[in-house]
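The block underneath contains the structure these notes are about, expressed in structure tokens.
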Amino acid sequence: MGNLYIYKCKNCQSEIEYKTGGGFFTSEYFEETEKLTNQFKDEALSGKYGKIIKAIAENNDGNIEYNRNTKLFRCNECKAVNVLRAKEISNFPYIKSEYSLSVKISVQCPECHKGIMETVNLFEPIWCEKCQDYSSELISFGFWD
Ligand SMILES: [Zn+2]
Ligand SMILES: [Zn+2]
């Protein structure tokens, strides 16, 4: 299960479809997510993302979610749009707490290896490769399972 995004370029009319997932569609996906999540957690605990995240991870073990689900991203350098694994740390919303935590670790662009991926704002058009312009607009958003 996940989200479905269909973009259409207002210049060249080309359509492009992106699927992201929050659910566990297949056992492979589930296993991969679990593996990546554990890796991510180990990295946080080892101090890879700095002392603050390390301290949070150590002091809240079990109450933190390490999200490695796929999301729609856009590169801030080459403008490429891609479905990639997010790297987000947050405290579980259903556990009562005095604070709410949300950390996003930057994800590097797999196309240009220079840019940082940013979450796509659904109200803004995305880059069309053909037209070399921000001319592709979201025409349909839905869920799939
Ligand atoms: Zn176009
Ligand atoms: Zn890029």
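Just so you know, all these numbers are worked out from the coordinates, no wet-lab data involved. This is a predicted model, so every value here is computed, not measured. Don't worry about glycine lacking a Cβ; one is built from the backbone with ideal geometry, like all the others, and counts go over all protein chains shown.
At a glance:
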read-out: Unmet criterion (only one of (1) touching a Cys at 6+ places or on another chain (Cβ under 9 Å); (2) more than 16 Å from ligand 2 (Cβ to nearest atom)) for I139; value: (1)
read-out: Residues of region 64-77 that turn out to be farther than 13 Å from I53 by Cα, away from ligand 1 (no atom under 16 Å from the Cβ) and part of a strand (DSSP E or B), as a count; value: 6
read-out: In region 9-65, the residues that are of a type in the set (D, E) and more than 17 Å from the chain's Cα centre (by Cα); value: E15, E28, E31, D42, E43, E58, D61
read-out: Boolean, F92 is touching a residue at least 24 places away in the same chain (Cβ under 8 Å) and surrounded by 12 or more Cβ atoms within 10 Å (Cβ to Cβ); value: yes
read-out: Near pairs, Cβ below 7 angstrom, 6+ apart or cross-chain, from region 118-134 (at positive phi) to any residue that is within 15 Å of ligand 2 (Cβ to nearest atom) and of a type in the set (K, R); value: none
read-out: Any hit, region 78-98, residues being within 16 Å of ligand 1 (Cβ to nearest atom), touching a Phe, Trp or Tyr at 6+ places or on another chain (Cβ under 9 Å) and assigned to a strand (DSSP E or B); value: yes
read-out: Qualifying residues in region 101-114 (those that are closer than 16 Å to V83 by Cβ and in contact (Cβ under 8 Å) with a residue 12 or more places away in the chain) - the one farthest from ligand 2 (Cβ to nearest atom); value: V107
read-out: Count - residues of region 9-41 that are buried (at least 17 other Cβ atoms within 10 Å of the Cβ) and within 16 Å of ligand 1 (Cβ to nearest atom); value: 2
read-out: Sole exception among (1) surrounded by 13 or more Cβ atoms within 10 Å (Cβ to Cβ); (2) of a type outside the set (S, T, Y); (3) more than 27 Å from H113 (Cβ to Cβ); (4) touching a helix residue (DSSP H, G or I) at 6+ places or on another chain (Cβ under 9 Å) for E58, by number; value: (1)
read-out: Single residue of region 123-145 satisfying the filter (aliphatic (A, V, I, L, M) and surrounded by 13 or more Cβ atoms within 10 Å (Cβ to Cβ)) that is farthest from the chain's Cα centre (by Cα); value: L138
read-out: Sole exception among (1) without any contact (Cβ under 8 Å) to a residue 40 or more places away in the chain; (2) more than 16 Å from ligand 2 (Cβ to nearest atom) for E77, by number; value: (2)
read-out: Looking only at region 117-136, and only at residues there that are farther than 25 Å from M1 by Cα and aromatic (F, W, Y), the one that is farthest from ligand 2 (Cβ to nearest atom); value: Y134
